[in-house]
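Asker: So that we are looking at the same thing, I have put the structure below in structure tokens.
Every number here is computed from the coordinates shown, using simple stated rules; none is lab data. All values derive from a computational prediction rather than experimental measurement. Don't worry about glycine lacking a Cβ; one is built from the backbone with ideal geometry, like all the others, and counts go over all protein chains shown.
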Amino acid sequence: MEKQNVTLSIPRQLLKQAKIMAAIQDKSLSQLLRESLEEKVREEADYNKARKRQLRLLEEGLDLGTRGQVKTSRDELHVRG
């Protein structure tokens, strides 16, 4: 995979905390940022995939075993014994 350098402008305190976090995890700051971005992109892709799947299910509907015919009236469903 081809790599490209980027320049970021972030608050100094955030940079300091990120460097500490990277050191604790025994990673470079670059590796920490790359992994964080990869995770964010993956989460977004997974969310979009799940959203499309759910919207498709809503469009298609679910098979409830009635073959589109309701044989029980509303009143019959709500009869109290």
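Asker: Could you go through region 29-39 and let me know if any residue there is among the acidic types (Asp, Glu), in contact with a Lys or Arg (Cβ under 8 Å, 6 or more places away or on another chain) and surrounded by 10 or more Cβ atoms within 10 Å (Cβ to Cβ).
Answerer: yes
Asker: Within the set of pairs 6 or more residues apart or between chains, which connect a residue that is free of Cβ contacts under 8 Å to residues at least 40 places away in the same chain inside region 1-27 to a residue that is part of a helix (DSSP H, G or I) and exposed (fewer than 10 other Cβ atoms within 10 Å of the Cβ) with Cβ atoms less than 9 Å apart?
Answerer: So the pair list comes out empty.
Asker: Does any residue of region 34-48 turn out to be assigned to a helix (DSSP H, G or I), more than 21 Å from the chain's Cα centre (by Cα) and farther than 23 Å from residue 7 by Cβ?
Answerer: Within region 34-48 (the criterion being assigned to a helix (DSSP H, G or I), more than 21 Å from the chain's Cα centre (by Cα) and farther than 23 Å from residue 7 by Cβ), the answer is no, since none of the residues qualifies.
Asker: Let me ask you something else. Taking residue 76 as the residue in question, decide whether it is of a type outside the set (Gly, Ala, Ser), part of a helix (DSSP H, G or I) and more than 30 Å from residue 6 (Cβ to Cβ).
Answerer: For residue 76, the condition - of a type outside the set (Gly, Ala, Ser), part of a helix (DSSP H, G or I) and more than 30 Å from residue 6 (Cβ to Cβ) - is met.
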